[in-house]
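Worksheet: one structure, shown below.
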Amino acid sequence: MDKVKKLRAQHQISKAVRAIQTIMHMARTFMVHSSLHWTDMGADDISLWPFAVKHYVWLYNRVPKRESGLSPLELITKQKADRDILRTHVWGCPVYVLEPKLQNGQKLLKWNRRSRLGQFLEYSDEHSSFVANIRHLKTGFVSPQYHIVFGV
């Protein structure tokens with residue numbers, strides 16, 4: 001009986017190791033892709049690594065597996081997911097954020113900029129599932145933003 005438990009545990013460990021490897025490789029791919037497109041904006045900063053890992057874990061948990069047709073999130077919760085994956089975006093893609101004065105309902109002068117360029121890092125855990133954490137390109141500060149438009 002102990003041998004059966006031990007074999008089952010080893011089998012599960014290999015699955016977990018493989019999942020961790022996949023997550024780390026994809027996060028590294030996110031970082032490389034982002035650094036190719038944002039070379040002048042400092043997007044190759046190693047401090048963005050946790051955001052890349054967290055975003056891929058978010059994706060990994062929502063993508064259906066080939067064998068079962070269910071995502072890991074659906075397997076754990078035993079409920080059909082609403083397919084959040086359909087609204088996701090490429091990690092590190094450009095985002096246009098509405099100026100704070102306009103977000104608060106205030107007016108801007110006619111020729112002032114209405115938005116600023118930012119970088120998408122992940123979806124916020126602390127807010128609605130539609131709120132994205134965006135990196136401010138000049139300051140490097142990451143904050144949740146509601147009023148955004150994803151660039152192409």
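Looking at the structure I just gave you, is TYR123 among the hydroxyl-bearing types (Ser, Thr, Tyr), surrounded by 14 or more Cβ atoms within 10 Å (Cβ to Cβ) and under 18 Å from VAL53 (Cβ atoms)? Considered against the rule, which asks whether it is among the hydroxyl-bearing types (Ser, Thr, Tyr), surrounded by 14 or more Cβ atoms within 10 Å (Cβ to Cβ) and under 18 Å from VAL53 (Cβ atoms), TYR123 comes out as yes.
Look at PHE30 and say whether it is touching an Asp or Glu at 6+ places or on another chain (Cβ under 6 Å) and either in a helix (DSSP H, G or I) or of a type outside the set (A, V, I, L, M) (or both). Taking the combined requirement at face value, the residue does not satisfy it.
Can you tell me which residue in the stretch 40-58 is modelled with the lowest pLDDT, limited to those that are out of contact with any helix residue (DSSP H, G or I) (no Cβ under 6 Å at 6 or more places or on another chain) and assigned to a loop (DSSP other than H, G, I, E, B)? Taking the candidates together, the pick is GLY42. Identify all residues within the stretch 131-144 that are surrounded by fewer than 18 Cβ atoms within 10 Å (Cβ to Cβ) and without any contact (Cβ under 8 Å) to a residue 60 or more places away in the chain; write none if there are none. Scanning the stretch 131-144 gives VAL131, HIS136, LYS138, THR139, PHE141, SER143, PRO144. Taken together, the residues in the stretch 73-91 that are surrounded by 17 or more Cβ atoms within 10 Å (Cβ to Cβ) and touching a helix residue (DSSP H, G or I) at 6+ places or on another chain (Cβ under 6 Å) amount to 1.
Taking every residue in the stretch 105-130 that is farther than 20 Å from ARG87 by Cβ and at pLDDT 85 or above and pairing it with any residue that is assigned to a strand (DSSP E or B) and not acidic (Asp, Glu), at least 6 positions away or on another chain, the pairs with Cβ-Cβ distances below 7 Å are ARG116/VAL97; LEU117/PRO94; LEU117/TYR96.
Residues in the stretch 68-99 that are polar (S, T, N, Q) and assigned to a helix (DSSP H, G or I): THR77 alone. In the stretch 100-152, the residue that is nearest to TRP58 (Cα to Cα) out of those that are in contact with a helix residue (DSSP H, G or I) (Cβ under 7 Å, 6 or more places away or on another chain) and assigned to a loop (DSSP other than H, G, I, E, B) is SER129.
The values are calculated or read from the model by the stated rules, or taken from the named source; none is laboratory data. Computed from a predicted structure; not experimentally measured. When we count neighbours, we look across all protein chains shown, and the Cβ atoms used for this are built from the backbone with ideal geometry, even at glycine.
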